[in-house]
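Engineer: The structure is given below, and queries will be raised subsequently.
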Amino acid sequence: MPRTIVAADVIVTSPGRNFVTLKVTTSDGLVGWGDATLNGRELAVASYLRDHLCALLVGRDADRIEDTWQYLYRGAYWRRGPVTMAAIGAVDLALWDINGKALGVPVHQLLGGPVRDGVMIYTHATGWDVPELLEAVDAKREQGFLAVRAQFGVPGLDTVYGVSRSGAAYEPAGRGVGPKVEVWETSAYLRHAPVALQAVRDHVGPDLHLLHDAHHRLTPTEAIRLGKSLEGVDLFWLEDVLPAENQQLLRQVRAQTHVPLAIGEVFNSVYDSLDLVSERLIDYLRVAVGHVGGISHYRKILAHAEVYQVKAGPHGPSDVSPVSLAGSLHVGLATHNFAVQEFMGYPAETYEVFRPGWSIRDGYMHPGDAPGLGVEVDEKAAAAFAYEPAYLPVARNRDGSVKDW
Ligand code: EZ4
Ligand code: CO
């Protein structure tokens with residue numbers, strides 16, 4: 001008897017932040033969960049699913065995961081793009097979840113089983129000034145993290161990507177209609193970044209893995225200067241030095257600095273990383289499983305990267321829901337070229353809706369042994385948190401012109 005999809009429903013909920021979740025139900029009573037959250041553009045993906053995909057799913061064989069992926073991707077005619085791929089990703093995650101539940105095995109077993117004992121994670125430490133930053137890094141080390149991303153305030157700027165001034169956990173998406181504006185000045189950042197990051201390295205010693213995110217702000221010349229100025233810091237990676245549209249510009253950066261580079265959190269298919277990987281212009285690929293069409297496409301991206309010794313270090317901010325994070329961890333446990341998973345953490349309310357089977361021990365994350373993805377979603381709790389408009393900020397230069405955020 002084929003296992004048929006009998007329902008596909010979209011849940012939009014805001015437990016501390018917005019999430020879009022897909023629930024797929026089968027004729028034999030199984031339920032699979034997918035994540036379709038696209039930060040600041042949530043309702044576009046919800047509509048893509050509700051208005052276009054959900055009806056196509058009903059009646060399909062739930063066990064034919066790859067065929068459903070091909071049907072939704074090639075069948076749309078309009079391929080790729082963040083909205084399309086996040087929607088397909090949610091379907092794909094839900095079908096892997098169902099398949100694991102049907103067979104009584106965790107998804108990592110469907111992918112070939114563990115190749116490592118756990119997935120190393122990195123978390124965020126932020127401080128407005130250097131003493132505050134060092135304190136934040138110490139606090140993360142005390143919690144057992146082996147890898148920490150350090151972001152800091154810049155003298156002369158009032159707001160900086162990645163840093164909260166209130167002492168609260170950093171969350172870039174601000175509630176309310178329309179983006180908040182941040183004023184940016186690259187020269188001030190380039191002067192201060194090596195000072196702050198060297199102070200962290202001097203403080204922690206050689207062992208802690210340190211990461212930093214430049215968040216798409218630099219030109220190749222600026223990126224080379226930053227890379228060279230950080231070579232003594234021994235970074236695990238420097239993230240998003242350039243906006244990643246014109247990728248040939250990265251060749252100049254690679255030729256002149258050996259700081260390891262990570263790029264790709266805004267990518268949505270293998271075609272975005274084809275040249276970066278095959279020319280080895282990056283060391284780490286940041287794509288998130290939910291944003292690239294789910295596990296089915298993600299494993300192909302990682303297989304391509306493996307050939308070129310490029311490793312996965314996926315995006316894992318709070319907007320990647322606990323369901324996507326589980327998908328990423330199952331892939332990470334079963335994939336050789338998976339280096340590290342970002343783990344920003346979630347607001348407390350998020351855990352009222354999402355009950356993850358994954359857990360953290362000694363700086364490593366474990367997806368758990370529950371069948372499927374191992375995350376359960378409390379629909380009643382979800383219904384209590386209505387969607388609230390929230391947007392990522394925009395940045396402007398001192399002259400008022402828009403800057404890449
Ligand atoms: O800007 O999650 O590495 N992490 C990041 C994040 C992203 C937001 C986008 O939704 O760059 O803060
Ligand atoms: Co980033």
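The values are calculated or read from the model by the stated rules, or taken from the named source; none is laboratory data. Computed from a prediction, not measured in an experiment: that's the story for all the values here. As a convention, Cβ positions derive from the backbone with ideal geometry for all residues, glycine included, and neighbour counts pool all protein chains shown.
Engineer: For Gly345, indicate whether it is within 16 Å of ligand 2 (Cβ to nearest atom) and more than 21 Å from Asp117 (Cα to Cα). Explain how you work it out, then say what you get.
Structural biologist: Working: within 16 Å of ligand 2 (Cβ to nearest atom): yes; more than 21 Å from Asp117 (Cα to Cα): yes.
So Gly345 fits the description; yes.
Engineer: Something else: Please verify whether Asp272 is under 27 Å from Val402 (Cβ atoms), within 15 Å of the chain's Cα centre (by Cα), of a type in the set (Asp, Glu) and outside the structural domain of Ile88 (by TED's automatic domain parsing), treating the condition exactly as stated.
Structural biologist: Criteria not met by Asp272.
Engineer: Then there is this: Does Met344 fit the bill of being in the same structural domain as Asp213 (by TED's automatic domain parsing), aliphatic (A, V, I, L, M) and assigned to a loop (DSSP other than H, G, I, E, B)?
Structural biologist: Answer is yes for this residue.
Engineer: Determine whether Val183 is within 16 Å of ligand 2 (Cβ to nearest atom) and either in contact with a strand residue (DSSP E or B) (Cβ under 6 Å, 6 or more places away or on another chain) or assigned by TED's automatic domain parsing to the domain that holds Lys228 (or both).
Structural biologist: No.
Engineer: Any residue in the stretch 329-341 that is surrounded by fewer than 21 Cβ atoms within 10 Å (Cβ to Cβ) and under 22 Å from Thr221 (Cβ atoms)?
Structural biologist: The answer is no, given that none of the residues of the stretch 329-341 is surrounded by fewer than 21 Cβ atoms within 10 Å (Cβ to Cβ) and under 22 Å from Thr221 (Cβ atoms).
Engineer: Please state which one of Gly316, Gly293 is touching a helix residue (DSSP H, G or I) at 6+ places or on another chain (Cβ under 8 Å), on the phi > 0 side of the Ramachandran plot and not assigned by TED's automatic domain parsing to the domain that holds Trp69.
Structural biologist: Just a single option satisfies the conditions, and that option is Gly293.
Engineer: When you check Val277 against the structure, is it assigned to a helix (DSSP H, G or I), of a type in the set (A, V, I, L, M, F, W, C) and in contact (Cβ under 8 Å) with a residue 12 or more places away in the chain, yes or no?
Structural biologist: yes
Engineer: Something else: Mind telling me which of the residues Asp61, Asp92 ends up being more than 25 Å from the chain's Cα centre (by Cα), farther than 30 Å from Leu211 by Cα and among the acidic types (Asp, Glu)?
Structural biologist: Just one listed residue meets the conditions, Asp61.
Engineer: Tell me, which residue of the stretch 141-166 that is without any contact (Cβ under 8 Å) to a residue 60 or more places away in the chain and crowded, with 16+ Cβ neighbours inside 10 Å is nearest to ligand 1 (Cβ to nearest atom)?
Structural biologist: This residue is Gly162.
Engineer: Could you list, in sequence order, the residues of the stretch 248-265 that are of a type in the set (D, E, K, R) and either outside the structural domain of Tyr284 (by TED's automatic domain parsing) or assigned to a helix (DSSP H, G or I) (or both)?
Structural biologist: Arg251, Arg254
Engineer: From (1) within 16 Å of ligand 2 (Cβ to nearest atom); (2) more than 21 Å from His315 (Cβ to Cβ); (3) not polar (S, T, N, Q), pick out the condition that doesn't hold for Asp213.
Structural biologist: With respect to (1) within 16 Å of ligand 2 (Cβ to nearest atom); (2) more than 21 Å from His315 (Cβ to Cβ); (3) not polar (S, T, N, Q), Asp213 is out only on (2).
Engineer: Right, another one. Select from the stretch 170-180 the residues that are away from ligand 2 (no atom under 16 Å from the Cβ) and closer than 26 Å to Phe343 by Cα and list them in ascending order. Break it down stepwise before answering.
Structural biologist: If we filter the stretch 170-180 for residues that are away from ligand 2 (no atom under 16 Å from the Cβ), which is where we start, we get 174-180.
Result: Gly174, Arg175, Gly176, Pro179, Lys180.
Condition check ((1) at pLDDT 95 or above; (2) within 23 Å of the chain's Cα centre (by Cα); (3) assigned by TED's automatic domain parsing to the domain that holds Glu182; (4) surrounded by fewer than 20 Cβ atoms within 10 Å (Cβ to Cβ)) across all residues:
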| position | (1), (2), (3), (4) |
| --- | --- |
| His366 | yes, yes, yes, yes |
| Lys380 | yes, no, no, yes |
| Ala384 | yes, no, no, yes |
| Glu388 | yes, yes, no, yes |
| Tyr391 | yes, yes, no, yes |
| Val394 | yes, yes, no, yes |
| Val402 | yes, no, no, yes |
| Trp405 | yes, yes, no, yes |
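Engineer: Here are the criteria: (1) touching a helix residue (DSSP H, G or I) at 6+ places or on another chain (Cβ under 6 Å); (2) assigned to a helix (DSSP H, G or I); (3) within 29 Å of Leu211 (Cβ to Cβ). Tell me which single one Tyr351 does not satisfy.
Structural biologist: Condition (1) is where Tyr351 drops out.
Engineer: Additional query: Taking only the stretch 92-129 into account, find how many residues are assigned to a helix (DSSP H, G or I) and of a type outside the set (Lys, Arg).
Structural biologist: 15
Engineer: Kindly check whether there is at least one residue in the stretch 302-315 that is out of contact with any Phe, Trp or Tyr (no Cβ under 6 Å at 6 or more places or on another chain) and within 16 Å of ligand 1 (Cβ to nearest atom).
Structural biologist: Checked against the condition, which is being out of contact with any Phe, Trp or Tyr (no Cβ under 6 Å at 6 or more places or on another chain) and within 16 Å of ligand 1 (Cβ to nearest atom), the stretch 302-315 yields at least one hit.
Engineer: What is the residue count in the stretch 142-174 for residues that are out of contact with any Phe, Trp or Tyr (no Cβ under 8 Å at 6 or more places or on another chain) and of a type in the set (Lys, Arg)?
Structural biologist: 0
Engineer: Mind telling me which of the residues Ala196, Ala188, Ala169, Ala173 ends up being among the aliphatic types (A, V, I, L, M), in contact (Cβ under 8 Å) with a residue 60 or more places away in the chain and away from ligand 1 (no atom under 16 Å from the Cβ)?
Structural biologist: Ala196
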